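S.K.: Here it is: the structure, laid out below.
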Amino acid sequence: LGWAQIDDDQEVMSYRFAVWGVLGGCVFILAWLHAAGMEIAVAVVLLLTLLLSYFGAAKMVAEIGLPYTPTTLRAEGFVVATIGTENMSPGSVTVLAFTQNLHCYGKGMVLPPLTNIIRMGDFITSNTRRLLLAVLAAFAVSYFVSVVYTLWLGYSGGAYNFNAYPFSYYSRKIFDRV
């Protein structure tokens with residue numbers, strides 16, 4: 001297939017590592033959704049729709065040069081419209097309802113802004129793999145700070161009093177469709 005002729009030494013990560021990372025991540029997500037109670041077929045449709053919307057938004061960001069753009073395709077709504085709740089188990093519908101809270105106006109999408117970060121790798125003349133380490137370190141720090149801050153907010157005022165859309169109105173409204 002010509003894999004030996006591809007030179008990815010100047011890329012942020014090797015193509016082989018990227019492919020295995022996507023495949024491993026997809027298997028992990030499918031296993032997680034199934035362990036939470038979602039049927040495999042529903043999880044596959046959800047994951048394919050998420051990948052389509054994320055890669056589509058990332059392509060728009062890369063081509064247009066925007067710092068960020070949300071996706072217009074809501075994967076959960078697409079799954080409900082495609083499969084229908086009457087054709088899903090109650091566990092699938094419940095897990096699908098909870099996955100909508102993660103979306104929150106497209107803020108949960110990390111892939112589109114990453115395309116701009118990877119573009120910065122084109123301007124690094126030596127060892128672009130260090131950029132990947134910096135991104136991973138930034139993810140780890142931001143995740144830790146977000147968890148600590150969210151716990152602090154929850155214990156100081158209660159999660160319902162966050163006055164943020166996903167914690168107040170949306171978390172209750174989502175079950176109107178179940």
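S.K.: What residues have an amide H closer than 5 Å to that of S89, excluding those fewer than 5 places away on the same chain, when H is modeled at 1.01 Å from N in the peptide plane?
M.R.: Counting only residues 5 or more places away or on other chains, the set is E39.
S.K.: Can I ask one more? Count charges around R119 for me, please; just the other residues with Cβ under 15 Å from its Cβ, Lys/Arg as +1, Asp/Glu as -1. Each step should come with its number before you reach the end.
M.R.: Numbers: positive: K59; negative: E11, E63, D122.
Overall, the nearby charge balance is -2.
S.K.: How do S142, S89, S53 stack up against each other in accessible area, from largest to smallest, with a 1.4 angstrom probe? Each step should come with its number before you reach the end.
M.R.: Working: S142 55, S89 35, S53 10 Å².
Listed by decreasing accessible area, they come as S142, S89, S53.
S.K.: Using the Cα centre of the stretch 2-99 as the reference point, and only Cβ charges (+1 on K/R, -1 on D/E), how large is the resulting charge dipole? Debye, rounded to the nearest 20.
M.R.: Numbers: 3 positive and 8 negative charges, 48 e Å.
Once rounded to the nearest 20, the dipole reads 240 debye.
S.K.: Expressed as a whole percentage, what fraction of the accessible surface of the stretch 1-83 belongs to carbon and sulfur atoms when a 1.4 Å probe is rolled over the protein heavy atoms? Don't skip to the answer; put the middle values down first.
M.R.: Details: 3900 of 5500 Å².
The computed percentage sits at 71.
S.K.: For Y155, Y15, Y143, give me the order by solvent-accessible area with a 1.4 Å probe, most accessible first, ignoring ligands, DNA and RNA.
M.R.: Working: Y155 200, Y15 95, Y143 155 Å².
Descending order: Y155, Y143, Y15.
The values are calculated or read from the model by the stated rules, or taken from the named source; none is laboratory data. The shown structure was predicted, so the numbers you read here are calculated from the model rather than taken from an experiment. With ideal geometry, Cβ positions are generated from the backbone for all residues, glycine too; neighbour counts draw on all protein chains shown. Side chains included, ligands, DNA and RNA excluded: accessible areas come from the protein's heavy atoms. Shrake-Rupley method; radii C 1.70, N 1.55, O 1.52, S 1.80 Å.
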